[in-house]
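Engineer: Dumping the structure here so I can ask a few things about it.
The values are calculated or read from the model by the stated rules, or taken from the named source; none is laboratory data. Worth saying up front: this structure is predicted, and the values here are computed from it rather than measured. Cβ placement follows ideal geometry from the backbone for every residue including glycine, while neighbour counts extend to all protein chains displayed. All accessible areas refer to the heavy atoms of the entire protein, side chains included, with ligands and DNA or RNA removed. Shrake-Rupley method; radii C 1.70, N 1.55, O 1.52, S 1.80 Å.
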Amino acid sequence: DAGVIQSPRHEVTEMGQEVTLRCKPISGHNSLFWYRQTMMRGLELLIYFNNNVPIDDSGMPEDRFSAKMPNASFSTLKIQPSEPRDSAVYFCASSTRQLLGSYNEQFFGPGTRLTVL
Amino acid sequence: AQSVSQHNHHVILSEAASLELGCNYSYGGTVNLFWYVQYPGQHLQLLLKYFSGDPLVKGIKGFEAEFIKSKFSFNLRKPSVQWSDTAEYFCAVKAAGNKLTFGGGTRVLVKP
């Protein structure tokens, strides 16, 4: 298995531009998580999906951020418009959800390093 | 809401020294506990996990962790570190609601 795939690996953009980050979870995993990692705030959960449905988006910082999961094998995190303070590494992770509702461990992708100038 | 505290932000030690990283969480119910490692420039990888059973958990690369329920702790240990253990280590807790809450991380530097 290729693991969680994220693209691009690096993104440099100017303030005000739209940024789209992409994630392909591990095949067969039915839960997907988006995290942001910064020096100041550490690792923060932004949003997670079960079976393509957003369950908790309370970590999404503001309306400029949106996430979608149109199918089981693809998710996007979009920032529009981007700001310098959005600069961070964005990780996608996936896991399986057990029948009784609990989750197995999360497998992380390589991350996208976003720099907004 | 649960929270996770990692007491040491930075640890510097020499090869062959023993390592112990503290992790405490605040949640009174059933928890699942994890330690992840992030090597320089890489993504997070699972070191070990505790779901139930024996509170002493063995992980990869010689790491182990002990769950002490009465102390709300899940400390990570390795008897003899190597230079390749230089990384950032994250404790994480999953409680009700299925959200994984991470500690702030501990950066470990092993001097050769």
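Engineer: Treating only the Cβ of Lys, Arg, Asp and Glu as charged (+1, +1, -1, -1), what charge dipole size does segment A:20-69 show about its Cα centre? Round to the nearest 20 debye.
Structural biologist: Values: 6 positive and 5 negative charges, 53 e Å.
Computed charge dipole of segment A:20-69: roughly 260 debye.
Engineer: In a GNM of chain B with a 10 Å cut-off on Cα contacts, which of B:70, B:26, B:18 has the highest mean-square fluctuation?
Structural biologist: B:70
Engineer: Ok, one more. Chains B and A: how much accessible area gets covered up at their contact, both sides added, probe 1.4 Å, in Å² to the nearest hundred?
Structural biologist: Values: alone 6090 and 6570 Å², together 11110 Å².
Its buried surface, counting both partners, is about 1600 Å².
Engineer: Which percent, to the nearest 5, of DSSP beta bridges fully inside the protein assembly as shown are antiparallel?
Structural biologist: On the way: 71 of 80 bridges.
Once the DSSP bridges in the protein assembly as shown are tallied, antiparallel ones form about 90 percent.
Engineer: Then there's this: How large, in percent, is the carbon and sulfur part of the accessible surface of segment B:1-93 at a probe radius of 1.4 Å?
Structural biologist: Taking all protein chains in place, segment B:1-93 shows 53 percent carbon and sulfur surface.
Engineer: Would you work out what percent of the accessible area of chain A, with all protein chains in place, is carbon or sulfur (probe 1.4 Å)? Walk me through the numbers on the way to the answer.
Structural biologist: Details: 2980 of 5800 Å².
Here carbon and sulfur together make up 51 percent of the probe-accessible area.
Engineer: Net charge near residue B:42: determine it from the other residues with C-beta under 13 Å of the C-beta of residue B:42, scoring Lys and Arg +1 and Asp and Glu -1.
Structural biologist: +1
Engineer: Right, another one. State to the nearest 20 debye the size of the charge dipole of chain B about its Cα centre, where the only charges are +1 on K and R beta carbons and -1 on D and E beta carbons. Working shown, then result.
Structural biologist: Working: 11 positive and 7 negative charges, 40 e Å.
Dipole about the Cα centre, nearest 20: 200 debye.
Engineer: Shifting gears a bit: Between residue A:30 and residue A:63, what's the calculated FRET efficiency when r is the beta-carbon distance and R0 is 22 Å? Round to 0.05.
Structural biologist: Working: r = 27 Å, r/R0 = 1.25.
The pair residue A:30/residue A:63 has a calculated efficiency of 0.20.
Engineer: Also, quick follow-up: Of all GluC sites (Glu not before Pro) in segment A:1-106, which ones are in loop regions per DSSP and have a Cβ with at most 13 other Cβ atoms within 10 Å? If you can, show how the numbers build up before the last one.
Structural biologist: Details: sites: A:11, A:14, A:18, A:44, A:62, A:105; in loops: A:14, A:18, A:62, A:105.
Taking segment A:1-106 and a limit of 13 other Cβ atoms within 10 Å, the loop GluC sites (Glu not before Pro) found are A:14, A:18, A:62.
Engineer: Counting only heavy atoms of protein chains, what accessible area per residue, in Å², does segment B:1-77 have with a probe of 1.4 Å?
Structural biologist: Accessible area per residue: 52 Å².
Engineer: Within the set of other residues whose C-beta is less than 13 Å from the C-beta of residue A:116, count the net charge using Lys and Arg as +1 and Asp and Glu as -1. It would help to have the intermediate numbers written out before the result.
Structural biologist: Numbers: positive: A:36, A:64, A:85, A:113; negative: A:11, A:14, A:18, A:83, A:86.
Combined, the nearby Lys, Arg, Asp and Glu give -1.
Engineer: List the trypsin sites (Lys or Arg not before Pro) in segment A:20-53 that DSSP assigns to loop (not H, G, I, E or B) and whose Cβ has at most 11 other Cβ atoms within 10 Å. Which are they?
Structural biologist: Loop-located and lightly packed - A:41.
Engineer: Quick check on my link table: of A:24/A:78; A:68/B:49; A:24/B:61; B:78/B:99; B:78/B:111; B:58/B:99, which ones sit more than 19 Å apart, alpha carbon to alpha carbon?
Structural biologist: Details: A:24/A:78 15 Å; A:68/B:49 29 Å; A:24/B:61 28 Å; B:78/B:99 28 Å; B:78/B:111 15 Å; B:58/B:99 24 Å.
Cα-Cα > 19 Å for A:68/B:49; A:24/B:61; B:78/B:99; B:58/B:99; rest within.
Engineer: Still on this structure, please answer the following. Which one of B:73, B:109, B:9 has its Cα pushed farthest toward the positive end of the charge dipole of chain B, where Lys and Arg give +1 and Asp and Glu give -1 at the Cβ?
Structural biologist: Going by the Cα projections, it comes out as B:73.
Engineer: Let me ask another. Counting only DSSP beta bridges with both residues in chain A, tell me the antiparallel percent, nearest 5.
Structural biologist: Numbers: 37 of 41 bridges.
Beta bridges within chain A, antiparallel portion: roughly 90 percent.
Engineer: Further question: Quick one: compute the contact order of chain A, relative version, from alpha carbon pairs under 8 angstrom and 6+ residues apart, as a percent. Mind dumping the intermediate values first?
Structural biologist: Working: 295 pairs, mean separation 42.4, N = 117.
Contact order relative to length: 36 percent.
Engineer: For chain A, with every protein chain kept in place, what is the accessible area per residue (1.4 Å probe, Å²)? Walk me through the numbers before you get to the answer.
Structural biologist: Working: 5800 Å² over 117 residues.
With all protein chains present, chain A gives 50 Å² per residue.
Engineer: Give me a comma-separated list of calculated 3J(HN,Hα) values for segment A:30-46, in order, Karplus coefficients 6.51, -1.76, 1.60 applied at θ = phi - 60°, integers in Hz, x for any Gly or Pro.
Structural biologist: 10, 10, 9, 10, 10, 10, 10, 10, 10, 5, 6, 10, x, 9, 10, 7, 8
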